[in-house]
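In what follows, a single structure is set out as structure tokens and then discussed.
Here, each number is a calculation from the coordinates, and none is a lab measurement. Owing to the predicted nature of the structure, the values given are computational and were not obtained by experimental measurement. Every residue, glycine as well, gets a Cβ built from its backbone with ideal geometry; the counts of neighbours run over all protein chains shown.
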Amino acid sequence: MKIIYENPLRIAGILSNATARELEKQRGKIRAFVKVGREITSEYDFKNLDSIIRTEESITKAFANIQQRLDRVDYALFWFLNTSPFDNTAFEYLKKGDEEKAVEIWEKVTTNKDVNSKNFSAFNNLGTYKLLRLDKFDIKRGIDAKIKLIESDCFENFVHTTSGIEATIDRTKQIKKLIDLLLVEFKNQYSSSETLELFSNCNGASQKYLSKKFIEEPIHIIERQIGSATILDYCVKVLVVLRKSSITAHYAT
């Protein structure tokens, strides 16, 4: 999933809840590595993810993208953060390539549980991991985890932890933004019915927004076609008039 693989936080080699100090430390380290031509790696280049090639250009762009704190919330929803002993242990397993153990930990503290101040990061991390899977059931669970997090009262904890500021974000707008980003990812992978099935556990408001999205696009296509047909029809009429004028002028001479 491009939005995860090319996430600025991943390219920067940090977790979503990195402090400003950690961010600057990482920036300095990367600059030093670039200067001497050393390969840039991070302890968060987990083995379950595709390899990543960092360039000076991609790194500069990544740090610029996460400079705005509220923008970092959007990127954080498609990456990982560490806010509890559960996360810390899961990440140690991920670093060793033991995905099953890491997922087992996150599932244990989220399955059949509400989002709270101690497990909100686990919901996000599990959601990110599931979205990286190829199985549609896993992706569906990943979407469920993300939306459940955003809908919860603890989403403010997530925002504060990842952006470093106290801010109230419109949850409905954030869910719509999440859906829009996921629809772009799914566009060339799944049919409309398959995509809707991935979101089938969403609440009424989300379902209504999805329905609107799937209705709007065909309407826009039809409108463009009608507009093109109208312009084409006009052009044909002009050509006919010009041709008649040319013929008339020819016989007149």
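Ordered by residue, what ³J(HN,Hα) values in Hz, to whole numbers, does region 45-51 give under the Karplus form 6.51 cos²θ - 1.76 cosθ + 1.60, where θ = phi - 60° and Gly and Pro are x?
7, 4, 5, 7, 9, 4, 5
How many nm separate the modelled label positions at residue 177 and residue 56, each set 7 Å beyond the Cα in the direction of the Cβ?
Going from the residue 177 label point to the residue 56 one covers 3.2 nm.
If you count, for each residue, the other Cβ atoms within 10 Å and average over each peptide, how do 173-186, 192-205, 123-136 line up from highest to lowest? List each step's numbers first, then the result.
Details: 173-186: 16.4, 192-205: 13.9, 123-136: 21.1.
Taking the mean over residues of other Cβ atoms within 10 Å, the ranking is 123-136, 173-186, 192-205.
Compute the length gained on full extension between residue 71 and residue 112: take 0.36 nm times their separation in residues and subtract their Cα-Cα distance, giving the result in nm to one decimal. Can you show the working numbers first?
Values: separation 41, 0.36 × 41 = 14.76 nm, distance 3.05 nm.
Length gained, residue 71 through residue 112: 11.7 nm.
Among the trypsin sites (Lys or Arg not before Pro) within region 1-52, which fall in a DSSP loop and have no more than 14 other Cβ atoms within 10 Å of their own Cβ? Don't skip to the end; give the middle numbers.
Details: sites: 2, 10, 21, 25, 27, 29, 31, 35, 38, 47; in loops: 38, 47.
When the trypsin sites (Lys or Arg not before Pro) of region 1-52 are filtered for loop state and at most 14 Cβ neighbours within 10 Å, 38, 47 remain.
Which aspartates and glutamates, on any chain, are close to residue 173 with Cα under 17 Å apart, when same-chain ones fewer than 8 places away are left out?
Cα-Cα hits under 17 Å: 71, 74, 144, 151, 153, 156.
With a cut-off of 8 Å between alpha carbons and a minimum separation of six or more residues, what is the relative contact order of region 2-136 in percent?
Details: 143 pairs, mean separation 38.3, N = 135.
Here the relative contact order equals 28 percent.
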